[in-house]
Structures are given as structure tokens and as C-alpha cells.
Amino acid sequence: MSTDKPSVAVWKFASCDGCQLTLLDCEDELLEVAGEVALAYFLEAGLTSVRGSYALSLVEGSITTADDARRIQEVRQASRTLVTIGACATAGGIQALRNFSEVDEFRSIVYAHPEFVETLGTSTPISAHVRVDLELRGCPISKAQLVETISAFLHGRRPNISGRSVCSECKERGNVCVTVAGGTPCLGPITHAGCEALCPAYHRGCYGCYGPADTTNAPSLVVRLREGGMADDDIVRVLRTFNAYADDFRDASEAVAAGKGAE
Amino acid sequence: MKVDGAASGPVVLDTAGLAAAVETLIGDGWSVIAPTVRDGAMVHDVIESVADLPTGWGDKQEPGRYRLRRRDDSARFGYAAPAQSWKRLLFPPRTTLWRAHRPPPGSADRDAGDFVVQVATATPRYAFLGARACEVRAIEIQDRVFLGGAHTDPGYRAARESALVIAVNCSSPADTCFCSSMDAGPRVASGADVVLTEVAEPQHREPWYLAEAFSDRGAALLRRVPSAAATPEAIDAADAVVANAAAHMGREMPDVDLHELLSESLEHPRWDDVAERCLACTSCTLVCPTCFCSSVEDVTDLTGTEARRDRRWASCFELDHSYLHGGSIRSGIRSMYRQWLTHKLGTWFDQFGTSGCVGCGRCVTWCPAGIDITEEIRAIAGPHLQEVTP
Ligand code: SF4
Ligand code: SF4
Ligand code: SF4
Ligand code: SF4
């Protein structure tokens, strides 16, 4: 690997690889800079130590094992800039549902030899372990935001990643609001922008795959969902998907699960 | 009301006359934009003929709720404010202000400078068909924002100065409308080229229109389409439509000095109350026809040879809207909501000599939490209201 090109490394922790597929999907764009960056993939969660040093590390996945908790420290040490990509890396992912329950129970039900499965009791975001310079949200991340982030990194500028709500993008795109005009439940008002309001553009409510926006009021949205006829069980379920353990979503789902605020 | 030389007074257009007006405009190269039905709401879009207008459709608007409904007549303009405003066209949600290109080293262009900068210039020719009194008033307010003062917006100017406005006096205000109490409707007072009043007839008959020219361009258009002179009866019928609309305003802004009230109410407990309901979703500001905030984003491509500056809509409900060095000065929903209401209804007067609200009701209808600004004002004004209405 040449030393004068900025080196970009991609690391994988507990995740489904969907975000890396977004990276592969950027091949045309990335080929343009193939001469300018050296790209290294570390897809296997091997037990070997992290080698080399990297100008930019893109980290996919959450921390679910003691080995991963150690490896992320090494990745941080080896990286000048560390960007987490996707809901797993930024909020613990769908696997953070374990945080609401007892992992040992699942383990003995799911695996024939649970004694061989070494895992932590929680799935935690990268930011719970090391300093993170930027988080890219989404399940999976948006190709446009990834290219924007790498471009910004290469040219030493601030990436244009806004923490406003999905409603902003809905209005920008000219969608008719599915909640107001159709009564469809939508998490858009409390969800972080970045998808360009994809689901509402196809007449579906937002599922919150980008996690909480900068400023949210999940308890108020819960009131609206109830008014719209959604049962508390369903409200808990809709808040507990890809970003179940992101603070604002978690607090709201726990309050609903505990029966708080219900009439 | 009418301009000099504009004319010979109001005329009556039938469907053929309206169709001819649309055809004439398209033939002259205008993009004719009008309300159309899409995804369960009225949405402005390019139309090819009068057949694209939402004949027989009406709406039902409430706080946080919008539904289309069938009317029992053949009106083409029998509904209140569409989902978004004409702002989308004059002040687009996202636009590129300029682009820069870095030619390869050694090329002739490269000698001229590191970057070749190109300022984006679009010159659309929009004809807005069906703009309401509140909407025309909102355009006049945005004119003060973008064209008043020393620094004007060239993109807005280009779109605005060419735009032809064929307004329609309102016949069917929604439950969320309060233009009367903002002195912004339902009758169009100025700012249009032609003003129509639609007189609807039962389903099997076509509606007809009283048409008045408010400008030379409007008069020229009317002269080119088939029409009949307006009889006193026709004028009375049209007046009755607008009078009926005025009598059916869905709500009312309390009649208080809003500027004074809000400047005295910065610590009112109601801000905490509304902060519990508001989602900080930005919808109200983005659908509001007068809100003008934007943010610029500088973008470079991966290779560093192309750069551009984009401008996009922004809102005081975004955390970054008040970001100064080190943090955001309005970090909670209480202060964000207070900014919206105090700016819109209060400090707007200091800035532009007018209210920022025309009573179109969009922020009420399209708020996913169903927050109604007239209700918030009523709560804040509480004691003041009792003083004026014993
Ligand atoms: S559809 Fe959802 S995201 Fe879009 S404006 Fe409505 S509530 Fe917001
Ligand atoms: S504040 Fe609300 S009612 Fe007033 S002009 Fe804006 S969107 Fe319309
Ligand atoms: S109310 Fe908010 S979004 Fe609207 S113009 Fe004022 S500061 Fe901007
Ligand atoms: S007032 Fe309503 S539309 Fe405006 S930000 Fe709050 S929730 Fe959204």
C-alpha cells in the first residue's frame, strides 16, 4: 500500500453487511478516487491484532463480544478519523433488542451448544466505547451521505449531514404527508433526516431507521400514535427496530411498555 | 383596484374561455401551474389543459388532518389552500447558487485561474393559476423579504418578475382558514394579473368565472380569449360567492396587538405547554408561504474538480438554525416554538413592516401534532382578550 495516499479502512463488527453493500454500491464514484485513496477492507472479525494506521476508518456494526470491545480500541488507536456507519454502529442495531431482555435465555433456546457462544449481555454502539468523529445513520446508510462524507474528508471540509427531521426532507421533496392526509402512522417527526423521505415518498410511514433527530419529542408522538388508534404493543414494536436502544426511542418505548401516559 | 388602461371592466368567461386562457398561455411559452389532485391532497403541478384541474373536488382540513372530498357541484377551485404554497416555485426547496470547475493542470482554462465559476441562472416563466388571496398576499410579503432592502435575491427576482398570477377569490374556506382576521382575504386585493371568481353550478352544468384584469398583462390576456361583458347580475353572483366565503372562515386570530402581546409574553407558561406537544418537525415553517429561512451547503465531488454551493430550506425548528460558535442558542423545543411564533406574528413587523402570517391555515393542518397557532395566541392572550371583550 502506497504511503502518500490517504488510507481508508473499513471495519466490521456485529452487523448484517448492508452498510458495506452501500459502499460497494458506490464503486463508480469510488473508482474516480481509486488513484487518490488506498482502500482496505477488514471484513472478518478476526482475533488478530489491528495492524497499520489509517487516515479514515469506516466502522460498521455494534459491540457484542468482549473481543470486539478490545478490537474497537485498537481500531481507534490506529485511525486518525473514525466514522461509524449505520444503525448498528451508531445505536446498537436491531441486535440491541437483547438489551431489553436476558441474553442467556435466548442463547439456550437458539443454540444447540450455548456454551460455545461467547457474547456480552448487550449490543452497544461504537460511541459507547471510543470517541467517534462522525456518525452516519440509517439501516442501511445512504449512498449519497457516504460519498459526501468521503468527499468532505478528502478535501478537508465539513460534511453536510443535517440532524433535522425526516419531515423536513418530506416537505423538501414535495411529498404529501401520509399522517395528515392519510392517517398512516409515521415516525418521521422524530427521525433523523438522510433518507430523503424515502418511505413517505412511497406512501408509507417512516420506520425510524435513521434513529432520533437532533431534537425530538417522542412522548408527544406517542400521544399522536395512540390518538390514531395504534395499540401500545404496536407502539413499543415500532420504536424497537433498528434503533431500539437509541436514547430517545428507548426512553419512549420503555415508558409505553410501563404503561406510562396511557389514558 | 384595477390599473389604468387595463380595461373595460370585468368580463365573464365560460369553460371555453378559461380553456382558451390556459391554451394561450401555454402557446406563449408559459408553464401553467395549478392545483391538481395527487396522493390525497391538492398539490401544485404543471397542467396541460383545464381538464387537469380538480373538477368537483373539495377538501376538509382540521388541525393535523387533511382529507379530499367530493363536492356536489362542478367547481374547479372549490377547496382551500393546497398542501404547499407557491413558495416552492419562487424560492425552491433546494437550488444550486453557483458551480465551480477546476480545469486539469496545463489546460488553457487553468491559466485563467484555479477555478472557473458559473453562477446558476434559471429563467422560468410561471403562470400561477388558482392562487388564493392569502397566497398572493404571501408572495407580496416574500417580495419584501427577497427584493426589499439593499441585498436582493437574483433567483427569486427572475422567477417572480416573470410570473403571471391568475388568482381566484376563495369560495370554500377550510376549517383551518383565518385570512379574514389577518386582512389577507378571501378577496384578492392586489398583486395579481387577473382575478377570477368562480361561480359553481350543479354537477351537470359547467361553472363560470367573473374575470377582472389587475394589470396590463392580465388585460392583454383577457382580450385574447372569448368572453362576455359582465352583467350586474353576474357581478352580484360573484360578490355573493366571496361574501359567503368571508362568512365561513373556519377560525379567527384573536384581535389583539400581536406584536406587543408577544414581546411582553416571552416567559409565558404557555411556551412550556406547547413544547410538550410540538415535535420540532419543521413542517409548519416549511409549508408556511412566508417563511424564508435557508441554509447553504458547500459541496465538492470526490476528485476535487467540481464544487458547488447549494441553498436549501431551513427552519427555526432545526437545532443548527441557531448554531453559533460552540453550540445552538435555541436548544429546546420551547425556545424553537417561541422563535417561530414571535417571529411570524411579532418581530416580522419590525423587520418587514407587516405580519408574517396571512391566515392560510397550512401550519395548522399540516402539523402532525395538530397545533393551532390561533389557539396558542388565544392562550397567551388570555387576560388581554378579556380586557377588550368585556
Ligand atoms: S409523512 Fe411522516 S415524515 Fe413526512 S411530513 Fe408526514 S409525518 Fe413527517
Ligand atoms: S403562519 Fe400558518 S396560517 Fe399563517 S401564513 Fe404561515 S402557514 Fe399560513
Ligand atoms: S419563523 Fe422560523 S423558519 Fe420562519 S422565517 Fe422566522 S426564523 Fe425562519
Ligand atoms: S408546531 Fe407542529 S408542525 Fe411545527 S414543528 Fe411543532 S409539531 Fe412540527
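Using the Karplus relation 6.51 cos²θ - 1.76 cosθ + 1.60 with θ = phi - 60°, the per-residue 3J(HN,Hα) values for the stretch A:97-113 come to 4, 4, 5, 8, 9, 9, 5, 4, 4, 4, 4, 6, 7, 7, 9, 5, 10 Hz, with x marking Gly and Pro.
Take peptide A:148-160, look around each residue's Cβ out to 10 angstrom, count Cβ atoms belonging to other protein chains, and average those counts.
The mean count of partner-chain Cβ atoms within 10 Å per residue comes to 4.
Find the relative contact order for chain B and round it to a whole percent, using C-alpha pairs within less than 8 Å whose residues are 6+ positions apart. Mind showing how you got there, number by number?
On the way: 792 pairs, mean separation 87.9, N = 390.
After rounding, I find 23 percent.
Which translational diffusion coefficient, to the nearest whole µm²/s, is obtained for the stretch A:166-257 from the Stokes-Einstein equation, given a Kirkwood hydrodynamic radius over C-alpha pairs, 4 °C and 1.567 mPa s? In µm²/s, the coefficient rounds to 101. Radius of gyration (Cα atoms) of chain A, expressed as a multiple of 2.2 N^0.38 Å: 1.07.
Buried accessible surface for the A/B chain pair comes to about 3300 Å², total over both chains, computed with a 1.4 Å probe.
Relative to the dominant Cα principal axis of chain A, helix A:66-78 is inclined by about 60°.
If I compute solvent accessible area with a 1.4 Å probe over the protein chains, what percent of it on the stretch B:1-85 is carbon and sulfur?
Details: 1630 of 3410 Å².
Roughly 48 percent, rounded to a whole number.
All distinct Cα pairs of the stretch B:175-263 go into the 1/r average, and the inverse of that average, the Kirkwood radius, is 15.5 Å.
So how do B:354-360, B:73-79, B:18-24 stack up, highest first, on mean other-Cβ count within 10 Å? Provide the component values of the computation, followed by the final result.
Numbers: B:354-360: 25.9, B:73-79: 22.9, B:18-24: 20.3.
Highest-to-lowest ranking by the protection proxy: B:354-360, B:73-79, B:18-24.
Working note: Debye formula, equal point scatterers on the alpha-carbon atoms of the stretch B:54-173, no solvent; log10 I(q)/I(0) at q = 0.10, 0.18 Å⁻¹ is -0.49, -1.00. Mean partner shielding of peptide B:155-168, defined as the number of other chain Cβ atoms within 10 Å of each residue Cβ, is 0.
The region of chain A that goes longest without hitting one of the chymotrypsin sites (Phe, Trp or Tyr not before Pro) in a DSSP loop, each with at most 14 other Cβ atoms within 10 Å, is A:1-110. Near A:Ala14, the amide H atoms lying under 5 Å from its own belong to A:Ser62, A:Thr64; only residues 5 or more places off or on other chains count, and H is placed 1.01 Å from N.
Which value in Å does the Kirkwood hydrodynamic radius of the stretch A:7-154 take, with 1/r averaged over all unlike C-alpha pairs and then inverted? Could the numbers behind the result be given before it?
Numbers: mean 1/r = 0.0633 Å⁻¹.
Roughly 15.8 Å, rounded to one decimal.
Take each residue in A:179-186, count the other chain C-beta atoms within 10 Å of its C-beta, and the mean is 6.
Label-to-label distance for A:Thr184 and B:Arg69 is 2.4 nm, based on points extended 7 Å past Cα in the beta-carbon direction. Across q = 0.06 Å⁻¹, the protein assembly as shown modelled as identical point scatterers on its alpha-carbon atoms has Debye log10 I(q)/I(0) values of -0.41, in the order of the q list.
Considering only beta bridges that DSSP places wholly inside the stretch A:7-154, some 10 percent are antiparallel. Within a straight-line Cα-Cα reach of under 26 Å, A:Lys143 can be paired with the following lysines, leaving aside sequence neighbours fewer than 8 residues apart in one chain: A:Lys5, A:Lys12, A:Lys171. Pick from A:Lys143, A:Lys12, A:Lys171: which residue has the top mean-square fluctuation in a GNM of chain A where Cα pairs under 10 Å get a spring? Largest GNM mean-square fluctuation: A:Lys171. Assuming charge only on the beta carbon of Lys and Arg (+1) and of Asp and Glu (-1), the dipole of the stretch A:166-257 about its Cα centre is about 260 debye to the nearest 20.
Per residue, the stretch A:166-257 exposes 37 Å² of solvent-accessible protein surface, assessed with a 1.4 angstrom probe and all protein chains in place.
Within 10 Å, count the other beta carbons around each residue, average over each peptide in A:124-131, B:84-91, and list them highest first.
Details: A:124-131: 18.6, B:84-91: 22.6.
Descending mean neighbour count gives B:84-91, A:124-131.
Length gain on complete extension for the stretch A:Lys143 to A:Arg70, per 0.36 nm per residue less the alpha carbon to alpha carbon distance? Extra length from A:Lys143 to A:Arg70 when fully extended: 23.3 nm. Shape summary: chain B maps onto an equivalent ellipsoid whose semi-axes, from the alpha-carbon gyration tensor, are 36, 32, 18 Å in decreasing order.
For chain A, calculate the relative contact order in percent as a whole number, restricting contacts to Cα pairs under 8 Å that are 6 or more residues apart.
Numbers: 481 pairs, mean separation 44.3, N = 263.
Dividing the mean separation by the residue count of chain A yields 17 percent.
At a threshold of 8 angstrom on Cα-Cα distance, excluding pairs fewer than six apart, so keeping six or more, what relative contact order does the stretch A:111-263 reach in percent? Result for the stretch A:111-263 is 18 percent. Dipole size of the protein assembly as shown about its Cα centre, with +1 on Lys/Arg Cβ and -1 on Asp/Glu Cβ: approximately 480 debye, rounded to the nearest 20.
Taking the accessible area of the stretch A:7-154, probe 1.4 Å, and keeping the other protein chains in place, the carbon and sulfur fraction comes to 55%. Which of rounded, prolate, oblate describes the stretch B:127-185, given a ≥ b ≥ c as roots of the alpha-carbon gyration tensor eigenvalues and a/c under 1.5 marking rounded, otherwise prolate only if a/b is larger than b/c? Note, shape of the stretch B:127-185 comes out oblate. Under the combined filter of DSSP loop state and at most 16 neighbouring Cβ atoms within 10 Å, the stretch A:168-231 retains these GluC sites (Glu not before Pro): A:Glu196.
How much length, in nm to one decimal, is gained on full extension between B:Ala240 and B:Thr15, taken as 0.36 nm per residue of separation minus their Cα-Cα distance? Walk me through the numbers on the way to the answer.
Details: separation 225, 0.36 × 225 = 81.00 nm, distance 2.03 nm.
Taking B:Ala240 through B:Thr15 to full extension adds about 79.0 nm, to one decimal.
Remark on B:Ala127: its backbone amide H falls under 5 Å from those of B:Ser31, B:Val32, B:Ile33, B:Leu164, a criterion applied only to residues 5 or more positions apart or on other chains, H modelled at 1.01 Å from N. For the stretch A:68-115, GluC sites (Glu not before Pro) are listed when DSSP marks them as loop and at most 11 other Cβ atoms sit within 10 Å of their Cβ; the list is A:Glu102.
The values are calculated or read from the model by the stated rules, or taken from the named source; none is laboratory data. Not measured: the values here are computed from a predicted model. Reconstructed Cβ throughout: ideal geometry from the backbone, glycine too, with neighbour counts over all protein chains shown. For accessibility, only protein heavy atoms count, side chains too; no ligands or nucleic acids. Shrake-Rupley method; radii C 1.70, N 1.55, O 1.52, S 1.80 Å.
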